[in-house]
Each structure stands twice: as structure tokens, then as C-alpha cells.
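**Q** Submitted below is the structure of interest, expressed as C-alpha cells.
Derivation of every value follows stated rules applied to the coordinates shown; laboratory data play no part. Because the structure is a prediction, the values reported are computed rather than measured. Ideal geometry is used to build each Cβ from the backbone, glycine not excepted, and the neighbour counts take in all protein chains shown.
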Amino acid sequence: MLSGGCVAETDTPQVACDAGPIIHLDELSALDLLGEFAAVLVPEAVWLEVSRHRPEAFQREQASLQRVTVEQEEDPAFDALAQALSLGAGERQAIQLARQRSGAFLLTDDAAARLVAESLGLQVHGTLGILIRAARRNQRKPAEVLALLESLPDNSTLHLRADFLAKVIQQFKDAYGL
Amino acid sequence: MTPIETTTVQAQIPTRLFLEVEALVKAGWFRDINDLFLEALRRYLDSHRPELIERFAQEDVEWGLRGRD
């Protein structure tokens, strides 16, 4: 059984963010969970996307989000993959940014973006991982994380199948003895 | 050519989003709002495979519980 507060020994990495996790975490009033990363990098296209769909996320300033202009690099293989999987500008830039920053994670809730990023060797995580990690990193008590997980269908636009979410919640409860 | 069978759906979307949709149609990017929604739905279904989403989510659960970073 896990206990809250078993913070890992490693340094926290930088993360390059796609729009999904910023929007979903803000919907859950949990954007501050990103504040623990060494830097939270938001590419220009993602910044504009969040500004359009969830402007309040930037007004709260809980996670010191850094707006970053992404250097465009020619990479026909990446372009072809991104086009084949219909990645948007934000997803493309977030992947490019993560590739340009050594050791940076990509945060995305988009399955296609994650598929492309993992095929390029990037470490990728999403909102669900960030929420569950919060208990391990002692950012929230396990019971608080449980409440966030249970509130996903009502309070966020992160869509998961009800049965699947129930299984995830059970795994979390089992891990923390809740 | 056999006409494609269609179904009419009603949906509520944020007004802000609808105004963006309307602007794209007015600018001539789509013939009408139906075309835009059809394209958006096709793209979503192409890139959001349920089995993939759940596999990634399960990986995230493992990382969240037992990762080292």
C-alpha cells in the first residue's frame, strides 16, 4: 500500500503542455499541480487555444505557465506523422517543444498526439497521471485526489468511459487503502 | 449515387464556440455549419480511438501511483 508524501528522489522535469491538461486541471481547480515541475512551457499555439477556450486558466496564474515561441524545425517524418493523425497546431508545437528541451515531458490528453510523441521517444503524461501523482508527491492528500477523480465526469471535459474511470478510482483506493 | 443516410442531432455548445464556427462558415471555409461539424466529428473519431485512450490512461495511472518523477 502506498502512503501520501513518498516524494521521489529525482528532480522534477520541465514539461511542455498541450491545451488539454491546462484546461482540464483548471476545470478541477487543480492547475496548481503543475507548479511543482521545474518549468511549465506553453507553446504559442497552445496559449492561443487556451485563451480562446478557457481564458480564466491564465488569469489565475497558479502554475507560472511560461509562454514560449517554438523554433520551427524541418522534419518531414514528423510532419507526415502529424498530418496523418490530424494533429492541430497546438499539439504539433507542444511535441516540438518537448523535443527541443532535453528531458522534458509532454503533457497531453490527446491520444493521437501522445501516439506521435511516444513514437519519437518522448515521455508523455496526461491529466489523469498528474492528478494521481499529486498524492505521491504530497501535493494533495489521497482523499483529496480521490475526490478530484470522482468529480471528473461532473466538473471536467476530460471524457472517460464510466466503467474505466470506476476501475481507475478503485486502483487508487486500493493503492492508498481508502 | 445512393444518397448517404443521415441523422439529425441537436446539441448545446458554448456560444463562444458557435460564434467561431459561424465565422469560419461566413469566411467561406465550409459550405455550411453542417459541413464543419461533419469534418470536426470525422477528425475527432479518426484520432480518438477508445482503446488507445484507455491504454494511455492506464499507463498514466501506473506513473501517477508508482513513477519516480
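**Q** Mind telling me which of the residues A:E118, A:E150 ends up being surrounded by 14 or more Cβ atoms within 10 Å (Cβ to Cβ), farther than 26 Å from A:Q14 by Cα and acidic (D, E)? Talk me through it step by step, then tell me what you get.
**A** Working: A:E118 fails: farther than 26 Å from A:Q14 by Cα.
Unique residue meeting the criteria: A:E150.
**Q** Could you check the stretch A:76-96 and list, in sequence order, the residues that are in a helix (DSSP H, G or I) and either in contact with a helix residue (DSSP H, G or I) (Cβ under 8 Å, 6 or more places away or on another chain) or within 16 Å of A:P21 (Cα to Cα) (or both)?
**A** Result: A:F78, A:L81, A:A82, A:A89, A:G90, A:E91, A:R92, A:Q93, A:A94, A:I95, A:Q96.
**Q** Which of the residues belonging to the stretch A:99-112 are in contact with a Lys or Arg (Cβ under 8 Å, 6 or more places away or on another chain) and either surrounded by fewer than 24 Cβ atoms within 10 Å (Cβ to Cβ) or part of a helix (DSSP H, G or I) (or both)?
**A** Answer for the stretch A:99-112, where residues must be in contact with a Lys or Arg (Cβ under 8 Å, 6 or more places away or on another chain) and either surrounded by fewer than 24 Cβ atoms within 10 Å (Cβ to Cβ) or part of a helix (DSSP H, G or I) (or both): just A:A111.
**Q** Which residue is surrounded by the most Cβ atoms within 10 Å (Cβ to Cβ), if the candidates are limited to the stretch A:133-147 and must be more than 13 Å from every other protein chain (Cβ to nearest Cβ) and in a helix (DSSP H, G or I)?
**A** Among residues in the stretch A:133-147 that are more than 13 Å from every other protein chain (Cβ to nearest Cβ) and in a helix (DSSP H, G or I), the one surrounded by the most Cβ atoms within 10 Å (Cβ to Cβ) is A:E144.
Rundown of residues vs (1) more than 18 Å from the chain's Cα centre (by Cα); (2) closer than 22 Å to A:L28 by Cα, yes/no style:
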{"residue": "A:G90", "(1), (2)": "no, yes"}
{"residue": "A:L97", "(1), (2)": "no, no"}
{"residue": "A:H125", "(1), (2)": "no, yes"}
{"residue": "A:A143", "(1), (2)": "yes, yes"}
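**Q** Would you check if there is a residue in the stretch B:20-33 being loosely packed, with under 14 Cβ neighbours inside 10 Å, under 30 Å from A:E118 (Cβ atoms) and of a type in the set (A, V, I, L, M, F, W, C)?
**A** Scanning the stretch B:20-33 turns up no residue that is loosely packed, with under 14 Cβ neighbours inside 10 Å, under 30 Å from A:E118 (Cβ atoms) and of a type in the set (A, V, I, L, M, F, W, C).
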